[in-house]
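A short worksheet on the structure shown next.
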Amino acid sequence: MIESVARAHGQRVGTYTSPHLLRYNERVKIDGQEADDQLLIKGFEHVERARLQDAEISLTYFEAGTLCGLWCLSQAELDIAVLEVGLGGRLDAVNIIDADVAIVTTIAQDHANFLGTDLAQIGREKAGIFRSGKPAVLGSQTLPASVAEYAQTLAAPTWVLGQQFSHHMKSNERSKWCWQGQQANGEHIVIDDLPDPGLPIDNAATALQALVLAGLALEKAAVQTALSTVQLAGRMQWIGPWCLDVGHNPHAAEYVAHHLPLAPQGGRQWGLSAC
């Protein structure tokens, strides 16, 4: 949603995300287009040459891919780079970048074999993407206290969902909602008549707040266009009567179940899962 809204404002945006669904190229997108094979090959060649300089450096699959992705984005003359930091956050390879704005959305039990089941500790690990004095956007009202506490130790100013920014549905139009946000200087912003993006509204509100803190002057028409057309393959993706979603923890499964339409009268709903 950050990418979609920024591009609707004429920004040149690059993204590095993982994993991919069908093609490795999905991980690196520049101005809405997947990186082509030649760009990725050139990026991996640069990484490999650097790896073999002096004493050989060992890299994991993900570390090599991350360095390649960052090299590709660095060549693209971008206005905004959106980087997904996975797993725990603090020790993820992507966290070598000092972000101008850092975002934590939800904290739930996931990758327990790596992160354990202590949500407070998981929160501290996720907050490891924050940087001293740089804005931290907290996109959930149910985050463990450890997230905000870690931001405080860094003197990283926080914008918290339900406090500095919020959203609410219009009572007379269930498909429309209003966003209230805040500039870095504390000035308030309101954008109403926003469409349902078909993805979590908490995340949409968080994306808007992060973009404001990144210096983007939001325009209502551009935000409306972006949220009415945004798509994310594999998340609440409808193909005919089938809803495809890669959510793989209880929190994500609960969201999907809550947003599925009711079965037709006398009919049934089928759910298929891959283990």
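Summary table
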{"read-out": "Hits in segment 235-275 - residues which are small (Gly, Ala, Ser) and either in contact with a Cys (Cβ under 6 Å, 6 or more places away or on another chain) or surrounded by 13 or more Cβ atoms within 10 Å (Cβ to Cβ) (or both)", "value": "Gly247, Ala252, Ala253"}
{"read-out": "Test result for Val137, in a strand (DSSP E or B), under 22 Å from His251 (Cβ atoms) and of a type in the set (A, V, I, L, M, F, W, C)", "value": "yes"}
{"read-out": "1 or more residues free of Cβ contacts under 8 Å to residues at least 40 places away in the same chain and among the basic types (Lys, Arg): qualifying strands (runs of 3 or more DSSP E) within segment 146-196", "value": "166-170, 173-182"}
{"read-out": "Segment 61-74, subset out of contact with any helix residue (DSSP H, G or I) (no Cβ under 8 Å at 6 or more places or on another chain) and without any contact (Cβ under 8 Å) to a residue 40 or more places away in the chain, residue farthest from Ala102 (Cα to Cα)", "value": "Tyr61"}
{"read-out": "Matching residues, segment 83-122, being more than 24 Å from Leu59 (Cα to Cα), part of a loop (DSSP other than H, G, I, E, B) and at pLDDT below 90", "value": "Thr106, Ile107, Ala108, Gln109, Asp110, Gly116, Thr117, Asp118"}
{"read-out": "Test result for Asp192, among the charged types (D, E, K, R) and surrounded by 14 or more Cβ atoms within 10 Å (Cβ to Cβ)", "value": "no"}
{"read-out": "Odd one out for Gly88 among (1) over 21 Å from Ala253 (Cα atoms); (2) within 20 Å of the chain's Cα centre (by Cα)", "value": "(1)"}
{"read-out": "Single condition Thr229 does not satisfy, out of (1) free of Cβ contacts under 8 Å to residues at least 60 places away in the same chain; (2) within 13 Å of Ala8 (Cβ to Cβ)", "value": "(1)"}
{"read-out": "Tally of residues being under 14 Å from Gly198 (Cβ atoms) and either polar (S, T, N, Q) or over 18 Å from the mean Cα position of the chain (by Cα) (or both) across segment 227-252", "value": "8"}
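The values are calculated or read from the model by the stated rules, or taken from the named source; none is laboratory data. On a predicted model such as this, the values are computed, not experimentally measured, just so you know. Heads up, the Cβs are rebuilt from the backbone with ideal geometry, glycines too, and the neighbour counts pull from every protein chain shown.
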